[in-house]
Amino acid sequence: MNRFPIVPVAIVALTIAAAIGAWVIYWPIESQRYVATRAVVRSPSIIRLVYTIKHERGAIGQETFTFSNVDGNAKVAYEGTNHTGTLVARFTEPLEGYEVANLFGEVDRDGIWELPTMPPRGDTSTSYTVSVYQSTDNKDGSHRFSFTDPHYWATTGGRQYHIHLDKNKPVPDLLKLQSTSLAEPRFGKLVNDFERFNAPGFRATLATARAKLRAA
């Protein structure tokens, strides 16, 4: 007389029960995680960095670099002009890699959101203007500032004196005032971040555009 395979059936039943239990416990969690991940993938994302250099001397009057990444589609655009604005050299290059995202990470680390506009100091023949815009998951923010001579701000920067006047106390001794250094090396770091940008083919195209302006 044949007997039912009691032990294997029990093992199969326990396995099925365990699988059902795991599905009941973990499916809501995994489902929420999947929905959240898909929402991030589908949410619009914009990064835009604009780096402008204005020269008082030389053949090139102004250069503007625009780095953008919109929903994963990245590109860099350049526009240079002579001092009268009558000659323009420009180009736009699509980018296949993560160069713009990497650049954004570098300038974010080096203070692009915190640095303020500074008064002209040091070598004022070249001035810089930097702006950043980011939009993701229905949130956005922007910031813009200008400065000159990043080497000056990184190494000197001057000093800021704090004076507190009290009508009940004598005028403070101006020779003994406490001061705070205004040196800020992050201006130089930001310039280096932009100047080191080296997507494939970008430097060669930039050299051609600059040569056009200088030749005139």
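Every number in this text was worked out from the coordinates using simple rules, so none of it is lab data. A quick note: this is a predicted structure, and the numbers were derived from the prediction, not measured. Glycine gets a Cβ as well: all are built from the backbone with ideal geometry, and neighbour counts include every protein chain shown.
Restricted to region 70-107, and to residues that are in contact with a strand residue (DSSP E or B) (Cβ under 8 Å, 6 or more places away or on another chain) and in a helix (DSSP H, G or I), which residue is nearest to P150 (Cα to Cα)?
Applying the filter and picking the extreme gives V107.
Sort through T84, T92, T129 and tell me the only one that's closer than 23 Å to A59 by Cα, among the polar types (S, T, N, Q), out of contact with any Asp or Glu (no Cβ under 7 Å at 6 or more places or on another chain) and surrounded by 15 or more Cβ atoms within 10 Å (Cβ to Cβ). Before the answer, list the steps.
Numbers: T84 fails: surrounded by 15 or more Cβ atoms within 10 Å (Cβ to Cβ); T92 fails: surrounded by 15 or more Cβ atoms within 10 Å (Cβ to Cβ).
Of the residues listed, the single one that is closer than 23 Å to A59 by Cα, among the polar types (S, T, N, Q), out of contact with any Asp or Glu (no Cβ under 7 Å at 6 or more places or on another chain) and surrounded by 15 or more Cβ atoms within 10 Å (Cβ to Cβ) is T129.
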